[in-house]
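Right, one structure below, let's go through it.
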Amino acid sequence: MKKTLFALALATAGVMAIPAAFAQDAAPTAQQGWYVGANAGYADVSRGAYDNGEFAGGIKGGYRFAINPETSLGAEVGYVYLGRVSAKNSYSQNFAGSNDKSKLQGATAGLNLRYNFNPSWYGEVRGGAFFAKGEGLTDDRANPQFTNFNSTRYYAGAGVGYNIAQNWSVGLNWDYYDGSQSDKNIHLPTNLYSVSAEYRF
């Protein structure tokens with residue numbers, strides 16, 4: 001009986017030691033330090049006077065802190081341009097002006113959480129404040145008005161990427177920018193689908 005208990009205890013200790021052994025062999029993959037990035041793609045607006053898309057892109061930079069061997073948390077700022085979109089016919093026909101195109105751009109400040117599945121692949125979620133600067137037609141179909149606005153809203157997104165070198169990575173991303181100002185009755189919520197590149201110092 002004592003031999004059986006001893007063998008069981010020894011086997012249990014061996015099984016418990018396996019994860020620790022792998023953890024010692026596995027190199028940390030979390031990134032830490034300064035970085036800059038840029039992205040470009042297609043921005044789609046589907047609200048009110050607009051239901052279309054246009055070329056868009058942005059730049060950003062920040063600093064990441066490793067919070068465990070696979071995960072890092074970054075603080076970043078950036079600037080995004082979300083294109084100019086023509087209004088729907090049902091709105092433009094009732095608009096007396098010569099310009100019915102929307103325009104949305106602005107600065108961002110937020111956080112990103114990155115998890116490295118292995119040294120090559122990562123996933124990321126992000127979000128923060130979007131300091132929107134825009135223009136376009138109001139949502140009043142019968143009598144749309146062209147207006148400019150500035151508002152502080154939010155953005156959020158997710159992406160996956162591949163580390164092609166120690167300092168370089170590329171990615172595919174989706175981001176949502178809530179560009180609107182309700183008291184002026186203008187709403188330009190925008191989905192941005194983009195490819196990105198990042199350089200880490």
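The values are calculated or read from the model by the stated rules, or taken from the named source; none is laboratory data. Please read all numbers here as calculations on a predicted model, not as lab measurements. Glycine also receives a Cβ, built like all others from the backbone with ideal geometry; neighbour counts cover every protein chain displayed. For the accessible areas, the whole protein counts, side chains as well, though only heavy atoms, and no ligand, DNA or RNA atoms are used. Shrake-Rupley method; radii C 1.70, N 1.55, O 1.52, S 1.80 Å.
Structure values in brief
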read-out: Hz values of 3J(HN,Hα) by residue in the stretch 155-164 - Karplus curve (6.51, -1.76, 1.60), Gly and Pro given as x; value: 9, 8, x, 8, x, 10, x, 10, 7, 7
read-out: At 1.567 mPa s and 4 °C, Stokes D of the stretch 65-124 from Kirkwood alpha-carbon radius, µm² per second; value: 85
read-out: Degrees separating the helix 2-25 axis from the principal Cα axis of the chain, which is the longest one; value: 40
read-out: Rounded to the nearest 10 Å², the accessible area of TYR81 at probe 1.4 Å; value: 80
read-out: Per-selection metrics, the chain (Cα): Rg and Dmax in Å; value: 24.1, 95
read-out: The chain - charge dipole about Cα centre, Lys and Arg +1 at Cβ, Asp and Glu -1, debye rounded to 20; value: 400
read-out: Max mean-square fluctuation residue, GNM over the chain, Cα-Cα springs under 10 Å, options ASP178, ASP140, ASP100; value: ASP140
read-out: Gain upon complete extension [TYR42, VAL160; 0.36 nm per residue less C-alpha separation]; value: 40.8 nm
read-out: Inter-probe distance in nm under a simple model that places probes 7 Å from Cα toward Cβ, at LEU113 and ASN148; value: 3.9
read-out: Accessible-area value, ILE59, 1.4 Å probe, nucleic acids and ligands omitted, Å²; value: 110
